[in-house]
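As structure tokens, the structure follows; a few thoughts come after it.
Read-outs: derived from the displayed coordinates by stated rules, not from any lab. Owing to the predicted nature of the structure, the values given are computational and were not obtained by experimental measurement. Heads up, the Cβs are rebuilt from the backbone with ideal geometry, glycines too, and the neighbour counts pull from every protein chain shown.
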Amino acid sequence: MLATDAADVLYTPAATGIASNVAAFLDSLWAPGNATGSALIRFLQQGSGARARGLQDKVREQVSVKDYGAIGDGGSHPLSSRYPDLAAAQVDYPFATSLSDEIDWAAFQSAVNQNAGKGIFVPGGVYVINRAVSITQGSTSVFGSNRLAPIVRTTSATDDIFRIDTGTAPVSGVSIRHLTLDATVAKTDGAGIRVAASTGGTLYWGLFEYIHMSNKMAYGLDVQSAFYLELNEIVVAGVAANKAGLRFAGLNATSKIVNVFMRNIKVVSGSHDVVTIGLLISDHAEGFYASNVSLESAGLDYSLYVANPSTVFGNAAKNLFFHNTITDNASKNGIVIENCQTARFVDVWATSHAGTGIDLIAGTDIELSSVSVIANGLHGIQVGPGVSQLRVLGGCVEANSAKVPNSAAGINVLAGTSSFTVRDIDFLRAGGAPQHYADIHVAAGASNQYIIESNRCLGGVTHRIFDGGTGAQKFIRGNLGFNPRVGNIATPAMAASGVAVTNATGMDVAVYLSGGNVSGIAVSGTLTGLAASPATVVVPAGAFVQVFYSAAPSWKWIGN
């Protein structure tokens, strides 16, 4: 209600019933600590069905870190620059422990502490923090305007930037989006985003997307426990020594990692060391569904590493499904699988690594399809005896053994490795000249139950296919350019008349008979119609041949 007297215009708010002059009333709206001014202004959305409400209610739908005092000008602003002592700072930020804490950090922490269930907006700017922003409540969303505009920059060499602390109970629905995370110092520990857990704790339905991490993070993303985690459009541009761009290592069988969905992930550059890795998957991790993953840099030692469990109680990773994976230029090996159960890599690019392109040490049910394994220093693909149920299906293996030509293989199978298939691979040459020691090399030993067929073998110098496996259950057939060398096919002794001799070479052979007095030749129990020598019959791999005679002929087995 407005009223006048001889001296002034008076206003009496309905809420208080206390009259004051208009100038004093307007000044009070701007007074520090006044939270009612915006509530006196009504807001009405356009369109039918709209209802009027207070402006304060409207603007509080979304929170900004600047509402809590963030500055965001790229400079250092410790609490001491605003408050005379710690007690005064703790009136606004009760969690503060030192006047050296940055105001931007305190503002971020205050915003996330008090606004679970709301979006916390980070306007464009550069925000300097010295400690991790800890998120302990579910339904917390922190987001900027785009991936490169708001920058959250830490001055700590060891602390995280954002840490989701799940403790011993699940936390659900945390998202961090559209931010750049970097550091003013070379980090030796800490992550851009860390999901930390104790037994019983985990993050459910997390979402991290459109995030750029730069300046050599120790870890870009480090996850201890998460169920149904979605990652989209993440770049880690720089990895510190002995760390990883993205690390997934479950805490235990209760707080583990289950079902991670990754799309458009890129890790580039790093600091050479013995275990600088682009993407690391290890303990208690199962269910990875990844598409368009690029792990390429001369600064990484390994592009993708699936590690053995770090403790005797750890469980090996399982159910890994990768589509469109690029690995390039690592100083050691490209893809390493120390142990896993069920993995599919479709459209895999493993090129120009100083060591081996794909190193499979142990695991079951692994499939590589549509591979491009090119110009690696050592072997293109190496398979160890701990691997079983491996399938390498389709693609190109070309110009490996780049360090020393004719010293490493396109696919090198170590002694004792069994249960594998290599099919429909083009083994090609480098600049028109063969370079592999062998396109496929099965080392001498007890390898068994394998199929090598329908490959185009044009890249081997000493051998196209060298088969040293001693097992009887194998098939090597239909490989273009493969001519077994002397010694690879041993001619067995002529058996007694009518006694079956099995072709256990793993390939179809031509059997040439001469001399003697032959009355019949049968293959797998069926007479061929040949009743004299000289004669030649084809004995398929695994089949058996019988020669009926009154005087023994001689024979020679030749790879077909």
Completion exercise
Cα-Cα pairs in the stretch 132-332 separated by more than 25 Å, as a whole percent of all pairs, come to 28
Problem - Stretchable slack from ASN448 to LYS403, in nm (0.36 nm times residue separation minus alpha-carbon distance) - result: 13.1 nm
Exercise for the section: With both partners inside the chain, how many of the DSSP beta bridges are antiparallel, as a percent to the nearest 5? Expected result: 15
Practice task
Mind pulling the angle between the C-alpha long axis of helix 103-114 and the longest principal axis of the chain? Nearest 10 degrees, somewhere in 0 to 90.
Solution key: 90
Exercise for the section: Loop sites only, by DSSP: take the trypsin sites (Lys or Arg not before Pro) in the chain that have at most 16 other C-beta atoms within 10 Å and name the longest stretch containing none of them. Expected result: 119-402
Exercise for the section: Answer with one residue from PHE248, THR180, GLY190: the one whose Cα lies farthest towards the positive end of the charge dipole of the stretch 132-332, charges on Cβ with Lys, Arg +1 and Asp, Glu -1. Expected result: THR180
Exercise for the section: Determine which residues of the stretch 527-560 fall in the zone a paramagnetic label at ASN517 would reach in this model, i.e. backbone nitrogen under 14 Å from the point 7 Å along Cα→Cβ. Expected result: 532-533, 548-553
Handout entry: Stretchable slack from LEU393 to ASN146, in nm (0.36 nm times residue separation minus alpha-carbon distance)
Key = 84.8 nm
Exercise for the section: Using the number of other C-beta atoms within 10 angstrom as an exposure proxy, rank ILE176, ILE451, ILE211 with the fewest first. Expected result: ILE451, ILE211, ILE176
Practice task
Give the calculated FRET efficiency between LEU527 and ILE558 to the nearest 0.05, with a Förster radius of 22 Å applied to their Cβ-Cβ distance.
Solution key: 0.50
Problem - Efficiency of FRET from Cβ geometry, SER172 and GLN45, R₀ 22 Å, rounded to 0.05 - result: 0.15
Handout entry: GLU367 versus VAL499: modelled label distance in nm, points set 7 Å from Cα along the beta carbon direction
Key = 4.5
Problem - Compactness relative to 2.2 N^0.38 Å, alpha carbon Rg of the stretch 61-118 - result: 1.09
Problem - Computed helical MRE - 222 nm, the chain, DSSP H runs ≥ 4 contributing -39500 (n - 2.57), nearest 500 - result: -1500 deg cm²/dmol
Exercise for the section: Mind computing the radius of gyration and Dmax over the alpha-carbon atoms of the stretch 501-560? Å is fine for both. Expected result: 10.6, 30
Practice task
Could you list which residues have their amide H under 5 Å from that of ALA415, counting only those 5 or more apart in sequence or on another chain, with H placed in the peptide plane?
Solution key: ALA443
Practice task
Consider a paramagnetic label point 7 Å from the Cα of THR188 along Cα→Cβ; state which residues of the stretch 205-220 have an amide N under 19 Å from it.
Solution key: 215-220
Exercise for the section: Could you list the chymotrypsin sites (Phe, Trp or Tyr not before Pro) in the stretch 307-410 that lie in coil according to DSSP, counting only those with at most 16 other Cβ atoms within 10 Å of their Cβ? Expected result: PHE313
Handout entry: Structure-derived mean projected area of the Cα convex hull in nm²: which label, when the choices are (i) 33.4; (ii) 37.5; (iii) 30.0
Key = (ii)
